[in-house]
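Nothing in this text is a laboratory measurement; each read-out follows from the coordinates by a stated rule. No experiment lies behind these values; they were computed from the predicted model shown. Counting neighbours? That spans all protein chains shown, and the Cβs are built from the backbone with ideal geometry, glycine included.
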Amino acid sequence: MTARMLIGGEWVEAGSGATISVINPFDGKPLGEVPKGDREDARRAIDAARLAFDHGPWPKLPPRARGEVYLKAAQLLQERLGPLAELESRNQGKTIKQAADADIPFSIDNLIFYAGAGRTLEAKSPGEFTGDGTSIFRREPVGVVASITPWNYPLMMAVWKLGPALIMGNTVILKPASWTPLTSLELGKVFTDAGLPKGALNIVTGPGGEVGDELSRNPKVDLVSLTGDTATGRKIMEAASHTVKRVQLELGGKAPFIVFEDADIAAAVEGAVVGGFVNGGQDCTAATRLILHSKIRPRFLKHLLERVHTIRMGDPLSRSTDLGPLVHATHQAHVLEFVEKGKEEGAKLVTGGTDGGKEQPKGSFVTPTVFDAVAPDMVIAQKEVFGPVLDVIEFSTFDEAIEIANGVEYGLAGSIWTNDVRTAIKAANAIRFGDVWVNDHLPLGSETPHGGFKQSGFGKDLGTDSLNDFTVLKTIYIDLTGQARKGWHYTVYGDPG
C-alpha cells in the first residue's frame, strides 16, 4: 500500500516525491510506503492549519456541532475496528487482542467522552471586582496545535492528542512516528468522513529532525504537544523557546512497583506481569522496577518466574500470542544493549534477555526478561529500557522504599501494593508520580487525567483537565460607570476631584 499525507483537506504526496518504507516487525517485510515529508511539507500543513483556524468554520462552531463530528468519528472507528486493529498489530507488533480489545475501544470511548466534555468547559464566574465594571473570563482555543505522537500506541496516542485539541476549536497538524504512521493516516480518513472541515486536521509523515523541528520552531504554531521520550522533549522545548510557544509534554517513565510485606502476593505477581509486559514493555507507565520487601522477595520472585514462563511469544495476529515483536529491529538492539549493560553492572539475569533464538527465528523479539539483585543506581534501574525487562530491587523499611521509588529523574506512574490503608495512603502521598495505583497497575479511563512530574513532563492527557492545556484564558473588562474621567485617573495625571 502507498499512503498519502493529509494537508488542507487533500491527500497529497511529499513535495519531493520521496517516501519511507514501513516495515512489519514480525517478518521484516514492507507493509507499504508513506510520504517522506520535509520542512516545506510541514510549512504547507502549518499554513493550512493557520488558514483553517483564522478563517475556517471549525473554531466558530458551537461545542455541540464539534461534538457531533466526534460522535460520528467514534461510530466510524467502531465500524472499522477489525481492519484497523489488524493494521495496528502488523505495523507496531502489538498483539491483536490488545489492539482490538483494548487500544481501539479505549480510543472510541475517548472520542465519545470529549464529544460531551467539550460542552462543559467553564471559566471563573464574571463579576464586578473593581466596583466600576464587570470582568468576564473566557477560555478560547489556543490556535494552531502541533501534535507529535510516539510509535508505541500509534492510533490511541493520536486520539489522546487530537481529542482535547480539536474539540476546543483548535486546528491541528499531527506528526506520527515514522515507524508506525499507518493507522494515524487511517484516523485522518475517519475524521474526514465524519465531517471535519478541511484544514482542521493535517497529517504529515516524515523524520522528526525536519518535520518535528519545523513544527516546534515555526511562529505560526501556537502550541506543541508531544508524547515521547524525555530526550525528545528537551529538544522540543529548546526549539519551541525561540518563539516562546506553549508546550505540553508526556515523556518517559520508570514506574516503581512497591510491594510491602503484607501485600496479596498472588495479586501483586499478576499485576507485575501485566504491568511490566504490557505492549511488550513499550509503555511509559510499565511496571519496570519491582521494589520488593526483603521478607517477601524470594516468594514473590518464585511466583513471578512461574507466571513469566507462561507468556506466549509469536505472531501478534494470533489470539493465543501474549507477546509480539518489538516495534523495530533498531529498538530490539537498543533493548538488548540494556540487557548486556545490566549483566555488566552485576545484576543477576534470572530469565530471558535474548532475541528468542531458534524459537523466534524472525522478527524483532526480546524474550521476557527479569533481573534480580538490582541496585537502585544501576543504569537499568535508572533509564527507560522500553522493553520486556523487569528489575527486582529489595528494600527493608518504608522510608527506603520511598527513597528508591523517587530516586529517578522520571515521575509518570507507579503503584503501591499493601493491605494496610494507612501504608497505602502514606506511600501514595510520598511518591512523586502523576499516576499512582493501589493494588493495581495500569488502569486509566477517559475521565482520569494522565501526566507526570519531574522529567516525565507537564500537562495532562485524558480527563477534563486536558482541555485547559489547549485553551487560553482571556479577561474582558466592561466599564459600568459611563464616566469620562474615573476616580483613579488622578494617580496618572491631574488632581483628585
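Some points to look at:
- Simple point charges give the picture: +1 on the Cβ of Lys and Arg, -1 on the Cβ of Asp and Glu, and for the stretch 218-318 a dipole about the Cα centre of about 280 debye.
- Separation of alpha-carbon centers, the stretch 71-110 and the stretch 229-273, rounded to whole Å: 24 Å
- For residue 409 and residue 485, the FRET efficiency from 1/(1 + (r/R0)^6), where r spans their Cβ atoms and R0 equals 60 Å, is about 0.55.
- Remark: spin-label model distance residue 109-residue 307 equals 2.1 nm, labels positioned 7 Å along the Cα→Cβ axis.
- In terms of surrounding Cβ atoms within a 10 Å radius of their Cβ, 274, 221, 492 rank from fewest to most as 492, 274, 221.
- Assuming charge only on the beta carbon of Lys and Arg (+1) and of Asp and Glu (-1), the dipole of the chain about its Cα centre is about 880 debye to the nearest 20.
- Segment residue 71-residue 351, length gained on full extension (0.36 nm per residue, minus Cα span): 96.2 nm
- Relative contact order (percent, whole number), the stretch 20-122, Cα cutoff 8 Å, 6+ residue spacing: 31 percent
- For the chain, share of DSSP beta bridges that run antiparallel, in % to the nearest 5: 40 percent
- When peptides 401-408, 416-423, 15-22 are sorted by average Cβ neighbour count within 10 Å, with the highest value leading, the order is 401-408, 416-423, 15-22.
- Proximal aspartates and glutamates relative to residue 94, as straight alpha-carbon distance under 13 Å, when same-chain residues fewer than 8 apart are discounted: 86, 103, 283, 315, 322
- Each residue in 337, 345 was given a count of other beta-carbon atoms within 10 angstrom of its own, and listing them fewest first yields 337, 345.
- Taking the fewest neighbouring Cβ atoms within 10 Å as the starting point, the ordered list for 431, 380 is 431, 380.
- Note on the stretch 341-469: with charges restricted to the Cβ of Lys and Arg (+1) and Asp and Glu (-1), its dipole about the Cα centre is near 240 debye.
- Gap separating the Cα centres of the stretch 422-449 and the stretch 133-149, nearest whole Å: 30 Å
- Cα-based helix-to-principal-axis angle, 63-79 vs the chain, degrees rounded to 10: 30 degrees
- Once the chain from residue 472 to residue 130 is taken as fully extended at 0.36 nm per residue, the excess over their C-alpha distance is 120.8 nm.
- Residue-averaged 222 nm ellipticity for the chain, from DSSP H runs of 4+ at -39500 (n - 2.57), nearest 500: -10500 deg cm²/dmol
- The per residue volume of the convex hull around the alpha-carbon atoms of the stretch 256-438 is 108 Å³.
- Difference of contour (0.36 nm per residue) and Cα-Cα distance, residue 33 to residue 419: 133.8 nm
- Dimensions of the chain along the principal axes, based on C-alpha atoms and rounded to the nearest Å, stand at 84, 56, 38, largest first.
- The chain: angle of helix 182-193 to the longest principal axis, Cα-based, in degrees nearest 10: 40 degrees
- DSSP bridge orientation in the stretch 256-438 - percent antiparallel, rounded to nearest 5: 15 percent
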